[in-house]
Amino acid sequence: MRENVDLRTGAILGFWSIICQFLAGVPYVSFIASVLSTVLLGISHFKLSKAYNERSIFRNTMLYFIFSVMGILAAGFILAPVFVKVMDFFANAPSKLTSSDIEALIMLLMPYSNKVLLAVGAFYVCFVIGTYLLAKAYHVLGFESGIGIFATAGNFLFYGGMGTIVLGLGFLVMMVGWVLAAVGYHKLQQITFE
């Protein structure tokens, strides 16, 4: 009986985590929606791991979160000196910027271009590893639940994560993955036990 409650709760929380994921793009609520989405997905996969007695669902989801945070922290740490220079520039800049001010800013940032590339690279590598682990969690969830759309969602999330380097087009692919995951969670809610 407990597995049924965990399964249903996990499916409902997973569905709402996807809704919050899409709300993360809305101004003024994006931070709260992102945090809520992360928490709901973590609890959802914890419940589903218990229901299916498969630890890898929750473990891979947690590793996805860890690698995502590592990528953000690494990029932030690398870009901190650049941020300080830009803030200093704007603190001393006139209230109305001219084209010569913009040129001065570009010249100021030129020596830091390698740091920007390093930060983007560090974030990208951590992000791809994280989406791979999340895809593994969805593959296991699809196998355990018998709902193959979860595996397809995992593939879209992983390939979208890899494709983000191409002008962010991968984010569109990831959106399809999140929609497929929402459909999977909805189907999972329909499962009834006798």
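Here are the numbers:
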| item | result |
| --- | --- |
| Potential lengthening between residue 162 and residue 66 on full extension [0.36 nm per residue; Cα-Cα distance subtracted] | 32.8 nm |
| Extension gain (nm, one decimal) between residue 87 and residue 143, 0.36 nm per residue minus Cα-Cα | 15.1 nm |
| Förster radius 45 Å - calculated FRET efficiency between residue 186 and residue 114, Cβ distance, rounded to 0.05 | 0.45 |
| Along each principal axis, Cα extent of the stretch 2-190, largest first, Å | 65, 29, 24 |
| Anchor residue 115: lysines whose Cα lies under 30 Å away (excluding residues fewer than 8 positions away in-chain) | 85, 96 |
| Partners for residue 187 among lysines (Cα-Cα distance below 29 Å; same-chain residues under 8 apart left out) | 47, 50, 136 |
| Estimated 222 nm signal from helices in the chain, with DSSP H stretches of n ≥ 4 weighted -39500 (n - 2.57), rounded to 500 | -29500 deg cm²/dmol |
| Using a Förster distance of 25 Å, the FRET efficiency for residue 28-residue 73 (Cβ separation, nearest 0.05) | 0.50 |
| Candidates 23, 108, 134, ranked by Gaussian network fluctuation over the chain, Cα under 10 Å, top entry | 108 |
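Computed from the coordinates by the stated procedures, all read-outs in this text should not be read as laboratory data. This structure is a prediction, so every number in the text was calculated from the model and none was measured. A quick note on method: Cβ atoms are made from the backbone with ideal geometry, for glycine too, and the neighbour counts reach across all protein chains shown.
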